[in-house]
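Enquirer: Before I ask anything, let me first share the structure, which is written out below as C-alpha coordinates.
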Amino acid sequence: MGELKYKVLVADDDDILRTLAADMLCEKYEVTQACDGLEAWNKAREIKPALVVTDLMMPGMHGYELCELLKGPGGVPGVKIIVTSSKSFSVDKLQAKKAGADLYLVKPFLPSELLSAAEKLLSGAEERGEGGKKSIFDKISASEASVSSPAAASTGAGAKPVKVRFWGTRGSCPCPGPGTVRYGGNTACIEVRAGDTLIILECGTGLRGMGASLVKEFGSRPMEGHIFLSHSHWDHIQGFPFFVPLYNPKNSFKIYGLHAAHGSLKNVFSGSMAEDYFPVLLSDMGGKLDFVEMAGPQDAGEAKVKYRHLNHPGLCIGFRMETHGKTITYIADHECFARLSGENQESMRQDAEILDFARGSDLIIREAQYTEDEYSKKKGWGHSTFDDVVKFGIAAGTRKLVLFHHDPEHTDEIMDEKVVYCKKLVSPAGSEMECEAAAEGMALEL
Ligand SMILES: [Zn+2]
Ligand SMILES: [Zn+2]
(Lines give C-alpha, C1' and ligand atoms only; values in the text may rest on other atoms or scores of the structure.)
(Ligands and ions follow the chains in the order given, each with its own letter.)
Protein backbone atom coordinates (compact mmCIF):
# COMPACT_ATOMS: atom_id res chain seq x y z
CA MET A 1 0.00 0.00 0.00
CA GLY A 2 1.42 3.38 -1.01
CA GLU A 3 2.12 6.07 1.57
CA LEU A 4 -0.92 8.23 2.28
CA LYS A 5 -0.18 11.91 2.50
CA TYR A 6 -2.05 14.16 4.92
CA LYS A 7 -4.30 16.69 3.27
CA VAL A 8 -3.42 20.29 4.01
CA LEU A 9 -5.53 23.29 3.04
CA VAL A 10 -3.81 26.67 2.73
CA ALA A 11 -6.01 29.78 2.84
CA ASP A 12 -4.63 33.24 2.13
CA ASP A 13 -5.88 36.05 -0.10
CA ASP A 14 -2.32 37.00 -1.02
CA ASP A 15 -1.39 34.86 -4.04
CA ILE A 16 2.35 35.01 -3.46
CA LEU A 17 2.24 34.11 0.23
CA ARG A 18 -0.30 31.37 -0.34
CA THR A 19 1.74 29.83 -3.12
CA LEU A 20 4.90 30.08 -1.02
CA ALA A 21 3.26 28.32 1.90
CA ALA A 22 1.84 25.67 -0.44
CA ASP A 23 5.29 25.13 -1.97
CA MET A 24 6.81 24.72 1.48
CA LEU A 25 4.30 22.02 2.33
CA CYS A 26 3.72 20.18 -0.94
CA GLU A 27 6.64 17.79 -0.70
CA LYS A 28 5.28 16.17 2.45
CA TYR A 29 1.57 16.84 2.14
CA GLU A 30 -1.24 16.88 -0.36
CA VAL A 31 -1.89 20.63 -0.55
CA THR A 32 -5.06 22.43 -1.65
CA GLN A 33 -5.26 26.22 -1.87
CA ALA A 34 -8.10 28.66 -1.19
CA CYS A 35 -7.96 32.38 -1.78
CA ASP A 36 -10.36 33.45 0.96
CA GLY A 37 -12.14 32.15 4.04
CA LEU A 38 -15.33 31.13 2.33
CA GLU A 39 -13.55 29.17 -0.40
CA ALA A 40 -11.48 27.53 2.33
CA TRP A 41 -14.60 26.60 4.27
CA ASN A 42 -16.27 25.10 1.20
CA LYS A 43 -13.14 23.15 0.24
CA ALA A 44 -12.54 21.98 3.80
CA ARG A 45 -15.98 20.42 3.98
CA GLU A 46 -15.29 18.64 0.73
CA ILE A 47 -11.74 17.35 1.24
CA LYS A 48 -11.65 17.04 5.06
CA PRO A 49 -8.05 18.21 5.51
CA ALA A 50 -5.98 17.10 8.48
CA LEU A 51 -4.49 20.57 8.72
CA VAL A 52 -5.64 24.04 7.70
CA VAL A 53 -3.12 26.87 7.43
CA THR A 54 -5.02 30.13 7.33
CA ASP A 55 -4.48 33.86 7.20
CA LEU A 56 -6.67 36.04 9.48
CA MET A 57 -7.40 39.18 7.49
CA MET A 58 -9.08 37.81 4.40
CA PRO A 59 -11.90 39.38 2.40
CA GLY A 60 -15.24 37.66 2.69
CA MET A 61 -14.96 35.33 5.65
CA HIS A 62 -12.09 36.15 8.01
CA GLY A 63 -9.78 33.62 9.62
CA TYR A 64 -11.42 33.65 13.06
CA GLU A 65 -14.77 32.63 11.63
CA LEU A 66 -13.11 29.95 9.52
CA CYS A 67 -11.46 28.54 12.68
CA GLU A 68 -14.76 28.53 14.56
CA LEU A 69 -16.57 26.79 11.72
CA LEU A 70 -13.81 24.21 11.22
CA LYS A 71 -13.77 23.32 14.90
CA GLY A 72 -17.55 23.70 15.35
CA PRO A 73 -20.22 20.98 15.32
CA GLY A 74 -20.51 20.94 11.52
CA GLY A 75 -16.82 21.34 10.91
CA VAL A 76 -14.02 18.91 10.15
CA PRO A 77 -13.53 16.46 13.02
CA GLY A 78 -9.96 16.33 14.29
CA VAL A 79 -8.69 19.11 12.03
CA LYS A 80 -5.64 21.07 13.20
CA ILE A 81 -5.26 24.75 12.45
CA ILE A 82 -2.23 27.01 12.06
CA VAL A 83 -3.07 30.70 11.86
CA THR A 84 -0.56 32.84 9.97
CA SER A 85 -0.92 36.59 10.24
CA SER A 86 0.90 39.90 9.95
CA LYS A 87 -0.83 40.90 13.17
CA SER A 88 1.41 40.42 16.16
CA PHE A 89 -0.94 41.69 18.90
CA SER A 90 -1.36 39.31 21.83
CA VAL A 91 -5.16 39.87 21.65
CA ASP A 92 -5.19 38.33 18.18
CA LYS A 93 -3.17 35.33 19.33
CA LEU A 94 -5.56 34.85 22.23
CA GLN A 95 -8.67 35.26 20.09
CA ALA A 96 -7.31 32.91 17.42
CA LYS A 97 -6.70 30.30 20.13
CA LYS A 98 -10.23 30.79 21.45
CA ALA A 99 -11.61 30.43 17.93
CA GLY A 100 -9.87 27.08 17.58
CA ALA A 101 -6.35 27.73 16.23
CA ASP A 102 -3.72 25.29 17.48
CA LEU A 103 -0.72 27.43 16.54
CA TYR A 104 -0.11 31.05 15.56
CA LEU A 105 2.75 32.13 13.30
CA VAL A 106 3.51 35.81 12.75
CA LYS A 107 4.40 36.64 9.15
CA PRO A 108 6.99 36.60 7.78
CA PHE A 109 8.10 33.17 8.97
CA LEU A 110 10.74 30.75 7.76
CA PRO A 111 9.74 27.68 5.73
CA SER A 112 11.26 25.56 8.48
CA GLU A 113 8.96 27.16 11.07
CA LEU A 114 5.85 26.29 9.08
CA LEU A 115 7.07 22.78 8.36
CA SER A 116 7.92 22.01 11.95
CA ALA A 117 4.61 23.49 13.12
CA ALA A 118 2.77 21.25 10.65
CA GLU A 119 4.78 18.21 11.69
CA LYS A 120 4.23 18.92 15.36
CA LEU A 121 0.46 19.14 14.92
CA LEU A 122 0.16 16.14 12.61
CA SER A 123 2.42 13.77 14.47
CA GLY A 124 0.13 11.35 16.23
CA ALA A 125 -2.93 12.57 14.34
CA GLU A 126 -5.10 9.87 12.90
CA GLU A 127 -4.81 9.37 9.16
CA ARG A 128 -8.12 10.47 7.70
CA GLY A 129 -9.82 8.77 4.81
CA GLU A 130 -12.55 10.20 2.64
CA GLY A 131 -16.18 10.57 3.60
CA GLY A 132 -16.13 12.37 6.92
CA LYS A 133 -19.24 13.90 8.40
CA LYS A 134 -21.29 16.10 6.10
CA SER A 135 -21.55 19.69 7.25
CA ILE A 136 -24.78 21.03 8.66
CA PHE A 137 -23.64 24.60 8.02
CA ASP A 138 -25.06 26.33 5.02
CA LYS A 139 -22.96 29.43 4.61
CA ILE A 140 -24.11 32.21 2.28
CA SER A 141 -23.01 31.78 -1.34
CA ALA A 142 -19.49 32.72 -2.38
CA SER A 143 -20.59 35.12 -5.07
CA GLU A 144 -20.86 38.19 -2.88
CA ALA A 145 -17.83 37.32 -0.79
CA SER A 146 -15.22 36.80 -3.44
CA VAL A 147 -16.15 39.47 -5.93
CA SER A 148 -14.45 42.76 -5.37
CA SER A 149 -16.45 45.00 -7.62
CA PRO A 150 -15.51 48.59 -8.32
CA ALA A 151 -17.75 51.25 -6.89
CA ALA A 152 -20.84 51.82 -8.94
CA ALA A 153 -22.24 54.80 -7.13
CA SER A 154 -23.84 57.47 -9.23
CA THR A 155 -21.51 60.05 -10.68
CA GLY A 156 -21.69 63.16 -12.81
CA ALA A 157 -25.17 64.43 -13.68
CA GLY A 158 -27.57 64.23 -10.78
CA ALA A 159 -24.79 63.90 -8.23
CA LYS A 160 -25.62 65.63 -4.97
CA PRO A 161 -23.26 67.13 -2.44
CA VAL A 162 -22.04 64.70 0.18
CA LYS A 163 -22.18 66.11 3.68
CA VAL A 164 -20.06 64.96 6.58
CA ARG A 165 -20.61 65.94 10.21
CA PHE A 166 -18.55 64.95 13.24
CA TRP A 167 -20.53 64.10 16.39
CA GLY A 168 -17.72 62.37 18.28
CA THR A 169 -14.03 62.82 17.56
CA ARG A 170 -12.29 61.23 20.52
CA GLY A 171 -10.61 57.83 20.77
CA SER A 172 -10.36 55.39 23.66
CA CYS A 173 -12.54 57.11 26.28
CA PRO A 174 -14.95 60.04 26.48
CA CYS A 175 -13.24 63.06 28.02
CA PRO A 176 -15.63 66.03 28.24
CA GLY A 177 -14.49 69.02 30.26
CA PRO A 178 -13.07 72.51 30.01
CA GLY A 179 -9.94 71.24 28.24
CA THR A 180 -11.78 69.62 25.33
CA VAL A 181 -14.56 72.09 24.56
CA ARG A 182 -13.54 72.84 20.97
CA TYR A 183 -12.36 69.47 19.64
CA GLY A 184 -14.91 67.61 21.75
CA GLY A 185 -15.03 64.91 24.39
CA ASN A 186 -17.39 62.38 22.79
CA THR A 187 -16.03 59.23 21.17
CA ALA A 188 -16.13 58.21 17.51
CA CYS A 189 -19.26 59.02 15.55
CA ILE A 190 -19.58 60.54 12.07
CA GLU A 191 -22.68 61.33 10.03
CA VAL A 192 -22.57 61.15 6.24
CA ARG A 193 -25.49 62.34 4.10
CA ALA A 194 -25.41 61.29 0.49
CA GLY A 195 -28.57 62.47 -1.22
CA ASP A 196 -31.37 60.91 0.82
CA THR A 197 -29.11 58.29 2.35
CA LEU A 198 -28.16 58.54 6.01
CA ILE A 199 -24.90 56.81 6.88
CA ILE A 200 -23.40 56.66 10.35
CA LEU A 201 -19.81 55.67 10.95
CA GLU A 202 -19.31 54.25 14.46
CA CYS A 203 -21.50 54.23 17.54
CA GLY A 204 -19.30 56.09 20.02
CA THR A 205 -20.86 58.45 22.56
CA GLY A 206 -21.29 61.12 19.87
CA LEU A 207 -24.18 59.01 18.58
CA ARG A 208 -26.40 60.26 21.42
CA GLY A 209 -26.32 63.87 20.23
CA MET A 210 -26.80 62.81 16.62
CA GLY A 211 -29.92 60.87 17.65
CA ALA A 212 -31.46 63.92 19.32
CA SER A 213 -30.76 66.01 16.22
CA LEU A 214 -32.29 63.40 13.88
CA VAL A 215 -35.44 63.14 16.00
CA LYS A 216 -35.84 66.90 15.71
CA GLU A 217 -35.24 66.81 11.95
CA PHE A 218 -37.51 63.87 11.09
CA GLY A 219 -40.37 64.64 13.48
CA SER A 220 -43.02 61.97 12.88
CA ARG A 221 -41.51 60.81 9.56
CA PRO A 222 -39.97 57.32 9.64
CA MET A 223 -36.19 57.18 9.58
CA GLU A 224 -33.92 54.79 7.69
CA GLY A 225 -30.20 54.61 8.27
CA HIS A 226 -27.04 52.60 7.63
CA ILE A 227 -24.61 52.23 10.53
CA PHE A 228 -21.07 51.01 9.87
CA LEU A 229 -18.95 49.69 12.71
CA SER A 230 -15.14 49.37 12.42
CA HIS A 231 -14.80 47.22 15.55
CA SER A 232 -16.40 46.65 18.89
CA HIS A 233 -14.09 48.43 21.35
CA TRP A 234 -16.01 50.57 23.83
CA ASP A 235 -15.21 53.91 22.24
CA HIS A 236 -16.95 52.70 19.07
CA ILE A 237 -20.14 51.19 20.52
CA GLN A 238 -20.93 52.99 23.76
CA GLY A 239 -23.41 55.45 22.24
CA PHE A 240 -25.55 52.72 20.67
CA PRO A 241 -28.06 52.23 23.54
CA PHE A 242 -28.46 56.02 23.79
CA PHE A 243 -29.38 56.51 20.12
CA VAL A 244 -33.05 57.40 20.59
CA PRO A 245 -34.20 56.68 16.98
CA LEU A 246 -33.57 52.97 17.62
CA TYR A 247 -36.49 52.89 20.06
CA ASN A 248 -39.10 54.05 17.54
CA PRO A 249 -40.91 51.16 15.76
CA LYS A 250 -41.30 53.36 12.67
CA ASN A 251 -37.54 53.52 12.18
CA SER A 252 -35.28 50.97 10.55
CA PHE A 253 -31.51 50.74 10.72
CA LYS A 254 -29.03 48.38 9.15
CA ILE A 255 -25.89 47.81 11.18
CA TYR A 256 -22.89 46.65 9.17
CA GLY A 257 -19.68 45.13 10.51
CA LEU A 258 -17.79 41.87 10.65
CA HIS A 259 -18.88 38.62 12.19
CA ALA A 260 -17.13 38.88 15.57
CA ALA A 261 -14.10 36.80 16.50
CA HIS A 262 -16.47 34.79 18.69
CA GLY A 263 -20.10 34.92 17.66
CA SER A 264 -22.30 37.17 15.62
CA LEU A 265 -22.24 40.92 15.06
CA LYS A 266 -25.65 41.14 16.72
CA ASN A 267 -24.22 39.41 19.74
CA VAL A 268 -21.70 42.24 20.19
CA PHE A 269 -24.61 44.62 20.76
CA SER A 270 -26.91 42.32 22.70
CA GLY A 271 -23.94 41.38 24.90
CA SER A 272 -23.04 44.99 25.62
CA MET A 273 -26.69 45.65 26.54
CA ALA A 274 -27.13 42.53 28.71
CA GLU A 275 -28.94 43.15 31.98
CA ASP A 276 -25.73 43.58 33.97
CA TYR A 277 -24.75 46.57 31.81
CA PHE A 278 -27.91 48.30 30.64
CA PRO A 279 -31.59 48.50 31.71
CA VAL A 280 -33.06 47.84 28.24
CA LEU A 281 -32.33 44.71 26.23
CA LEU A 282 -31.48 44.95 22.54
CA SER A 283 -34.58 42.89 21.77
CA ASP A 284 -36.76 45.51 23.49
CA MET A 285 -35.48 48.52 21.55
CA GLY A 286 -38.50 48.77 19.29
CA GLY A 287 -36.98 49.95 16.02
CA LYS A 288 -36.34 47.54 13.16
CA LEU A 289 -32.69 46.49 13.38
CA ASP A 290 -30.96 44.43 10.76
CA PHE A 291 -27.41 43.25 11.47
CA VAL A 292 -25.41 42.72 8.29
CA GLU A 293 -22.14 40.78 8.55
CA MET A 294 -20.06 42.16 5.71
CA ALA A 295 -18.40 39.70 3.35
CA GLY A 296 -17.66 42.03 0.46
CA PRO A 297 -18.64 45.39 -1.00
CA GLN A 298 -21.98 46.56 0.31
CA ASP A 299 -24.66 48.81 -1.15
CA ALA A 300 -26.00 51.20 1.47
CA GLY A 301 -28.69 53.36 -0.10
CA GLU A 302 -26.91 55.60 -2.59
CA ALA A 303 -23.43 54.57 -1.43
CA LYS A 304 -21.17 51.66 -2.21
CA VAL A 305 -19.00 50.68 0.74
CA LYS A 306 -15.93 48.46 0.71
CA TYR A 307 -13.94 47.35 3.72
CA ARG A 308 -10.33 46.43 4.49
CA HIS A 309 -8.77 44.80 7.56
CA LEU A 310 -6.55 47.04 9.71
CA ASN A 311 -3.75 46.49 12.22
CA HIS A 312 -5.40 46.84 15.61
CA PRO A 313 -5.79 44.37 18.50
CA GLY A 314 -8.70 42.11 17.51
CA LEU A 315 -10.80 42.49 14.40
CA CYS A 316 -10.91 46.01 12.99
CA ILE A 317 -11.79 47.30 9.53
CA GLY A 318 -11.65 50.55 7.58
CA PHE A 319 -14.27 51.67 5.04
CA ARG A 320 -14.10 53.20 1.59
CA MET A 321 -17.36 54.79 0.62
CA GLU A 322 -18.18 55.94 -2.90
CA THR A 323 -21.27 58.00 -3.48
CA HIS A 324 -22.44 60.74 -5.83
CA GLY A 325 -19.03 60.83 -7.48
CA LYS A 326 -17.19 61.37 -4.20
CA THR A 327 -14.99 59.01 -2.20
CA ILE A 328 -14.50 59.01 1.55
CA THR A 329 -12.06 56.65 3.21
CA TYR A 330 -12.32 56.11 6.95
CA ILE A 331 -9.43 54.43 8.75
CA ALA A 332 -9.55 54.08 12.54
CA ASP A 333 -8.05 52.41 14.58
CA HIS A 334 -4.79 51.41 12.95
CA GLU A 335 -1.09 51.07 13.64
CA CYS A 336 1.08 50.88 10.52
CA PHE A 337 2.32 47.33 10.07
CA ALA A 338 5.90 48.35 9.31
CA ARG A 339 6.08 50.64 12.35
CA LEU A 340 5.04 47.82 14.63
CA SER A 341 6.79 44.87 13.05
CA GLY A 342 9.69 46.58 11.30
CA GLU A 343 10.10 46.91 7.56
CA ASN A 344 9.84 43.51 5.97
CA GLN A 345 8.22 42.33 2.76
CA GLU A 346 5.00 41.35 4.47
CA SER A 347 4.52 44.45 6.63
CA MET A 348 5.31 46.71 3.68
CA ARG A 349 2.88 44.80 1.47
CA GLN A 350 0.10 45.21 4.04
CA ASP A 351 0.81 48.94 4.38
CA ALA A 352 0.88 49.36 0.59
CA GLU A 353 -2.49 47.61 0.27
CA ILE A 354 -4.07 49.91 2.84
CA LEU A 355 -2.64 52.88 0.97
CA ASP A 356 -4.15 51.54 -2.27
CA PHE A 357 -7.46 51.14 -0.48
CA ALA A 358 -7.46 54.86 0.35
CA ARG A 359 -5.93 56.08 -2.91
CA GLY A 360 -7.63 58.92 -4.76
CA SER A 361 -10.16 59.71 -2.02
CA ASP A 362 -11.69 63.16 -1.84
CA LEU A 363 -11.57 62.87 1.93
CA ILE A 364 -9.60 60.62 4.24
CA ILE A 365 -10.66 60.49 7.87
CA ARG A 366 -7.77 58.85 9.63
CA GLU A 367 -6.96 58.09 13.22
CA ALA A 368 -3.97 60.10 14.51
CA GLN A 369 -3.62 59.45 18.19
CA TYR A 370 0.03 59.93 19.15
CA THR A 371 3.03 62.17 18.79
CA GLU A 372 6.25 60.35 17.90
CA ASP A 373 7.32 60.60 21.52
CA GLU A 374 4.04 59.17 22.82
CA TYR A 375 4.26 56.39 20.25
CA SER A 376 7.64 55.29 21.57
CA LYS A 377 5.88 54.50 24.87
CA LYS A 378 2.69 53.12 23.34
CA LYS A 379 3.99 51.07 20.46
CA GLY A 380 1.81 47.99 20.04
CA TRP A 381 -1.38 49.68 21.27
CA GLY A 382 -2.77 49.69 17.74
CA HIS A 383 -2.67 53.40 16.92
CA SER A 384 -0.86 55.79 14.56
CA THR A 385 1.17 58.96 14.90
CA PHE A 386 0.56 62.39 13.35
CA ASP A 387 3.61 61.88 11.12
CA ASP A 388 2.35 58.49 9.88
CA VAL A 389 -1.02 59.89 9.04
CA VAL A 390 0.12 62.99 7.16
CA LYS A 391 2.55 60.85 5.15
CA PHE A 392 -0.29 58.43 4.44
CA GLY A 393 -2.66 61.17 3.24
CA ILE A 394 -0.05 62.66 0.93
CA ALA A 395 0.92 59.28 -0.50
CA ALA A 396 -2.75 58.40 -1.07
CA GLY A 397 -3.19 61.63 -3.04
CA THR A 398 -6.23 62.78 -1.09
CA ARG A 399 -7.58 66.29 -1.43
CA LYS A 400 -8.36 66.56 2.26
CA LEU A 401 -7.18 64.77 5.39
CA VAL A 402 -9.10 64.98 8.64
CA LEU A 403 -7.30 63.83 11.79
CA PHE A 404 -9.62 61.82 14.02
CA HIS A 405 -9.81 59.65 17.16
CA HIS A 406 -7.93 62.18 19.28
CA ASP A 407 -6.15 60.96 22.38
CA PRO A 408 -8.10 61.78 25.59
CA GLU A 409 -4.93 63.44 26.93
CA HIS A 410 -4.81 65.89 24.02
CA THR A 411 -6.51 69.10 25.17
CA ASP A 412 -7.66 71.81 22.76
CA GLU A 413 -4.31 73.61 23.15
CA ILE A 414 -2.36 70.45 22.37
CA MET A 415 -4.61 69.72 19.39
CA ASP A 416 -4.09 73.25 18.03
CA GLU A 417 -0.33 72.67 18.20
CA LYS A 418 -0.62 69.30 16.49
CA VAL A 419 -2.70 70.71 13.65
CA VAL A 420 -0.04 73.37 13.02
CA TYR A 421 2.64 70.65 13.21
CA CYS A 422 0.80 68.47 10.66
CA LYS A 423 0.13 71.34 8.27
CA LYS A 424 3.85 72.16 8.29
CA LEU A 425 4.61 68.64 7.07
CA VAL A 426 2.46 69.00 3.96
CA SER A 427 4.02 71.57 1.63
CA PRO A 428 7.69 70.50 2.06
CA ALA A 429 6.49 67.14 0.74
CA GLY A 430 5.29 68.92 -2.42
CA SER A 431 1.63 68.40 -1.61
CA GLU A 432 -1.36 70.73 -1.53
CA MET A 433 -3.43 68.45 0.69
CA GLU A 434 -5.71 70.25 3.13
CA CYS A 435 -5.27 69.02 6.67
CA GLU A 436 -7.33 69.66 9.76
CA ALA A 437 -8.44 67.94 12.93
CA ALA A 438 -12.02 66.81 13.43
CA ALA A 439 -13.91 68.90 15.97
CA GLU A 440 -17.25 67.99 17.49
CA GLY A 441 -19.95 69.69 15.41
CA MET A 442 -17.64 70.30 12.44
CA ALA A 443 -19.44 69.94 9.10
CA LEU A 444 -17.93 69.46 5.65
CA GLU A 445 -19.40 69.37 2.20
CA LEU A 446 -17.70 67.46 -0.61
ZN1 LIG B 1 -10.95 53.45 19.07
ZN1 LIG C 1 -9.96 50.07 19.19
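The values are calculated or read from the model by the stated rules, or taken from the named source; none is laboratory data. Source: prediction; values computed, not measured. Quick reminder, even Gly has a Cβ in these numbers, built from the backbone with ideal geometry, and neighbours come from all protein chains shown.
Enquirer: Mind telling me which of the residues 13, 55 ends up being touching a Leu at 6+ places or on another chain (Cβ under 8 Å), within 20 Å of residue 88 (Cα to Cα) and of a type in the set (D, E, K, R)?
Expert: Working: 13 fails: touching a Leu at 6+ places or on another chain (Cβ under 8 Å).
Matching residue, one of 13, 55: 55.
Enquirer: Sticking with this structure for a sec: State which residue pairs qualify: first residue of a type in the set (Asp, Glu) and inside region 414-435, second residue at pLDDT 95 or above in any location, beta carbons under 6 Å apart, and separation of 6 or more residues or different chains.
Expert: Listed pairs, sorted by first residue: 434/400.
Enquirer: For residues that are more than 14 Å from ligand 1 (Cβ to nearest atom) and either assigned to a strand (DSSP E or B) or touching a Ser or Thr at 6+ places or on another chain (Cβ under 9 Å) (or both), tally how many sit in region 161-172.
Expert: The first filter runs over region 161-172 and keeps only residues more than 14 Å from ligand 1 (Cβ to nearest atom), leaving 161-167.
Still in the running and either assigned to a strand (DSSP E or B) or touching a Ser or Thr at 6+ places or on another chain (Cβ under 9 Å) (or both): 162-167.
Summing the residues that are more than 14 Å from ligand 1 (Cβ to nearest atom) and either assigned to a strand (DSSP E or B) or touching a Ser or Thr at 6+ places or on another chain (Cβ under 9 Å) (or both) in region 161-172 gives 6.
Enquirer: Within region 424-441, does at least one residue satisfy the condition of being within 16 Å of ligand 2 (Cβ to nearest atom) and within 17 Å of residue 172 (Cα to Cα)?
Expert: No; the residues of region 424-441 include none that is within 16 Å of ligand 2 (Cβ to nearest atom) and within 17 Å of residue 172 (Cα to Cα).
Enquirer: Let me ask something else about it. Return a yes/no flag: does region 237-244 have any residue that is within 21 Å of residue 290 (Cβ to Cβ) and either charged (D, E, K, R) or in contact with a Lys or Arg (Cβ under 6 Å, 6 or more places away or on another chain) (or both).
Expert: Looking for residues that are within 21 Å of residue 290 (Cβ to Cβ) and either charged (D, E, K, R) or in contact with a Lys or Arg (Cβ under 6 Å, 6 or more places away or on another chain) (or both), one finds at least one in region 237-244, hence yes.
Enquirer: Would you tally the residues in region 102-126 being in contact with a helix residue (DSSP H, G or I) (Cβ under 8 Å, 6 or more places away or on another chain) and without any contact (Cβ under 8 Å) to a residue 40 or more places away in the chain? Walk me through how you get there before you give the answer.
Expert: Restricting attention to region 102-126, the residues satisfying the condition of being in contact with a helix residue (DSSP H, G or I) (Cβ under 8 Å, 6 or more places away or on another chain) are 102-108, 111, 114-115, 118.
So of that shortlist, the ones also without any contact (Cβ under 8 Å) to a residue 40 or more places away in the chain come out as 102-105.
Result for region 102-126: 4.
Enquirer: Also, I was wondering about something else. Is it true that residue 255 is in contact with a His (Cβ under 7 Å, 6 or more places away or on another chain) and not polar (S, T, N, Q)? Steps first, please.
Expert: Values: in contact with a His (Cβ under 7 Å, 6 or more places away or on another chain): no; not polar (S, T, N, Q): yes.
For residue 255, the condition - in contact with a His (Cβ under 7 Å, 6 or more places away or on another chain) and not polar (S, T, N, Q) - is not met.
Enquirer: In region 315-332, which residue that is at pLDDT 95 or above and small (Gly, Ala, Ser) is farthest from ligand 2 (Cβ to nearest atom)? Full working, then the answer.
Expert: Residues of region 315-332 that are at pLDDT 95 or above, as a first pass: 315-331.
Narrowing further to those that are small (Gly, Ala, Ser): 318, 325.
On the way: 318: 12, 325: 31 Å.
This residue is 325.
Enquirer: Is it the case that region 270-293 has a residue that's of a type in the set (A, V, I, L, M, F, W, C), in the same structural domain as residue 164 (by TED's automatic domain parsing), within 16 Å of ligand 1 (Cβ to nearest atom) and closer than 25 Å to residue 191 by Cα?
Expert: no
Per-residue answers, yes or no, for (1) buried (at least 24 other Cβ atoms within 10 Å of the Cβ); (2) within 14 Å of ligand 2 (Cβ to nearest atom); (3) at pLDDT below 95:
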| residue | (1), (2), (3) |
| --- | --- |
| 163 | no, no, no |
| 172 | no, yes, no |
| 175 | no, no, no |
| 182 | no, no, no |
| 188 | yes, yes, no |
| 191 | no, no, no |
| 197 | no, no, no |
| 203 | yes, yes, no |
| 206 | yes, no, no |
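Enquirer: Let me ask something else. Identify the residue in region 232-277 that is among the hydroxyl-bearing types (Ser, Thr, Tyr) and touching a residue at least 12 places away in the same chain (Cβ under 8 Å) and, among all such residues, is nearest to ligand 2 (Cβ to nearest atom).
Expert: Here is the first cut: in region 232-277, the residues among the hydroxyl-bearing types (Ser, Thr, Tyr) are 232, 247, 252, 256, 264, 270, 272, 277.
In the following step, the residues that additionally are touching a residue at least 12 places away in the same chain (Cβ under 8 Å) were identified as 232, 247, 252, 256, 264, 270, 272.
On the way: 232: 8, 247: 27, 252: 28, 256: 17, 264: 19, 270: 20, 272: 14 Å.
Ranking the qualifying residues of region 232-277, first place goes to 232.
Enquirer: Would you point out the residue of region 213-230, among those that are in contact with a helix residue (DSSP H, G or I) (Cβ under 9 Å, 6 or more places away or on another chain) and of a type outside the set (A, V, I, L, M, F, W, C), that is farthest from ligand 1 (Cβ to nearest atom)? Explain how you work it out, then say what you get.
Expert: Taking region 213-230 as the starting set, the residues that turn out to be in contact with a helix residue (DSSP H, G or I) (Cβ under 9 Å, 6 or more places away or on another chain) are 214-215, 218, 223, 225, 227, 229-230.
Among the residues that remain, those that are also of a type outside the set (A, V, I, L, M, F, W, C) are: 225, 230.
Numbers: 225: 21, 230: 8 Å.
Per the stated criteria, the residue is 225.
Enquirer: Listed residues 97, 87; which is of a type in the set (D, E, K, R) and either more than 27 Å from residue 296 (Cβ to Cβ) or surrounded by fewer than 24 Cβ atoms within 10 Å (Cβ to Cβ) (or both)?
Expert: 97
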